[in-house]
Structure formats: C-alpha cells, structure tokens
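The values are calculated or read from the model by the stated rules, or taken from the named source; none is laboratory data. Please read all numbers here as calculations on a predicted model, not as lab measurements. Heads up, the Cβs are rebuilt from the backbone with ideal geometry, glycines too, and the neighbour counts pull from every protein chain shown. Just so you know, the surface numbers come from the protein's heavy atoms only, side chains and all, with ligands and any DNA or RNA stripped out. Shrake-Rupley method; radii C 1.70, N 1.55, O 1.52, S 1.80 Å.
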Amino acid sequence: MNALLALSRGIDRLNEIIGKTVMWAILVAILISAANALVRKIFSTSSNAWLEAQWYLFGASFLLAAAFTLKQNEHIRIDIVYGMFSRSVQHWIDLIGHALFLLPFSLLMVYYLWPYTMKSFNSGEMSSNAGGLIIWPAKALLLIGFVLLTLQAISEIIKKIAVMRGDMEDPNPFMSSHDAATAEAEALIGEMKK
C-alpha cells in the first residue's frame, strides 16, 4: 500500500502544480479580452485569433483544473443526500462512484480523444474563421484534461481504500453545508472580536 500511496502523492502533486498554474490562464484571457475590446473600439478592427485565444485559455483553465478540483474534493455533489449517511457509507459511495463511473468514463474519453486529437494534429486542422488559430491545441487540451482526470481518479481510489483500511487519515473529511456555514460564521465572529 505504501507504493500506491506514493503514486497517489505524486499524482496529487502533479495535478496541484498544474491546477495552480493554469489559474493564471483566466487572468491572461481577461487581459486579452480587454485589449481586444479596446482595439476594436479605438481602431475599429479585431482579430478572430484573439477571440479564439480567449476560448483556448478559458478551456485550458477549465479542463486542466478539473483534476485539481477533484483532488480538492470541490466537485458538486448532492450533499443533502450524501450527508444523511455515516462516514463509512460516504467512503463506499465515493469509492464506487470513482471506480465504476468516473474512472471508466475518463478512460473512455482518453480512448476516443487520442485519435481525434492526432487526426487534427496530423492534418494541421485550422479554424474555419478567417484569421483563426490552429485547432489541434484545443483538442489536445481535451485529451490532456481527461488524462489528468483519469490519473486523479486513480489517486482518489487509492486514497479512499487507504482511508477505509485505516492506513491514512481522511484528507477531505465531510462537512455538511450547514456545518461549514456555522464554522465559517464562528471564524468570522472570532476575527471580529480580535
């Protein structure tokens, strides 16, 4: 189990670095959007390449941060139902969900996105918009995003089994929305009293 936990830590570290780095893509997309709007208003000109660059950057931030979001346990779930169960049942729900739904879906997407991306890369596929960008980087982002999500699913399965066996502490203990709001309110009150 130690080797698997080491693998899990490596995957977590990779996705954390990528997730925190790709956050900057949103800032760059905003700056490009603002510059493009100014150029369009001041000089009455624009470029489809700049518009597509914004889409690529937004896509990169969304697709490449999905695995980091899973690592942080920040994906949306129905906490009302999930929170009704004991923590051991919640662990089983997470394990089954990751092993039977997330992992097979991610693997299937990687399987189908590989030839899709390679065909676009080999043909030098270009945007149909005048002055647009090449398409294969956007398709590669899809592929890379699902590869990272697949790796993180494997990491989450390893960690969930380790937690259930008692080999490690729960890295993401469940807290209901009500408990989270109460804790946040108490922290704010504590800061206000200082």
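Brief remarks follow.
- Counted residues, the stretch 92-133 - those being open to solvent by less than 80 Å² (accessible area, probe 1.4 Å), without any contact (Cβ under 8 Å) to a residue 40 or more places away in the chain, part of a loop (DSSP other than H, G, I, E, B) and farther than 20 Å from Gly145 by Cβ: 1
- Cβ-Cβ under 6 Å pairs, at least 6 apart or on other chains, the stretch 44-58 side farther than 10 Å from Ser127 by Cβ and free of Cβ contacts under 8 Å to residues at least 60 places away in the same chain, far side open to solvent by 60 Å² or more (accessible area, probe 1.4 Å) and of a type in the set (A, V, I, L, M): Leu57/Val28
- Leu70 vs. criteria touching a residue at least 40 places away in the same chain (Cβ under 8 Å), under 20 Å from Asn172 (Cα atoms) and more than 15 Å from the chain's Cα centre (by Cα): no
- Residue within the stretch 80-91 that is farther than 26 Å from Arg165 by Cβ, open to solvent by 60 Å² or more (accessible area, probe 1.4 Å) and modelled with pLDDT under 95 present: yes
- Extreme residue, surrounded by the most Cβ atoms within 10 Å (Cβ to Cβ), among residues of the stretch 134-146 that are β-branched (Val, Ile, Thr) and not in a loop (DSSP other than H, G, I, E, B): Ile144
- Residue count for the stretch 147-194, restricted to those that are part of a helix (DSSP H, G or I), touching a residue at least 60 places away in the same chain (Cβ under 8 Å) and open to solvent by less than 70 Å² (accessible area, probe 1.4 Å): 16.
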